[in-house]
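Comments concern the structure below.
The values are calculated or read from the model by the stated rules, or taken from the named source; none is laboratory data. Here the structure is a predicted model, which is why all the values come from computation and not from measurement. Accessible surface is based on the protein model in full, side chains and every heavy atom, while ligands, DNA and RNA are left aside. Shrake-Rupley method; radii C 1.70, N 1.55, O 1.52, S 1.80 Å.
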Amino acid sequence: MCLAGCGKDAAGSLRMPMQDIQQNNVANDAESGSAGNGEFYDGADLEGSVVEFSDKGFFLSPATTETEAGGGQVMTQAAPGAESDDKNVQISYDDHTVFQIVNLSISSQKEISREDTDKESVKKQSQVCVFGSCQDAAHWTADKILILRWQ
């Protein structure tokens, strides 16, 4: 599925201008019940999609940001089924990890609402933002996981 403003590169990775993502996705914290300033990408340590689950969490196919020739930034990510095991990152979480669903508008590219949830809401191929600490390049412990849902 390609979203408005998205394209695919030659390898089939989804591409979305970072400027669209970062500038447009701001929620009113009082209305959404979220903590922080509402800019859900600010401070995220990892972004990507859930590939598979483990006993303590899940494996994430990370998205990467590239700078285009004109200076704009584009986020790319492996297409479903084209993920690479050697690039996947293991995400661990515990009973103290905060889970939230962030509902986003496809047409306006903005955050509509945010709600608290639990780990059961994370599904295979869920788009997520992970906030936490790095154990090493392939292992992270999550303090907060945002599940992105486009509507």
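Normalised by the number of residues in region 42-151, the average gap of Cα pairs under 8 Å and 6 or more apart makes the relative contact order 30 percent. Residue by residue, region 110-125 carries 3J(HN,Hα) couplings of 10, 6, 8, 7, 9, 9, 6, 8, 9, 4, 5, 7, 7, 10, 4, 6 Hz when phi is fed to the Karplus relation 6.51 cos²θ - 1.76 cosθ + 1.60 (θ = phi - 60°); x denotes Gly or Pro. Within the same chain, lysines fewer than 8 places from Lys144 are excluded, and of the rest, those with a Cα less than 20 Å from its Cα are Lys56, Lys119, Lys123, Lys124.
Exposure check, 1.4 Å probe, all protein chains in place: Thr141 carries approximately 40 Å² of accessible surface. Taking the 1.4 Å solvent-accessible surface of region 43-151 as the whole, the part contributed by carbon and sulfur is 46%.
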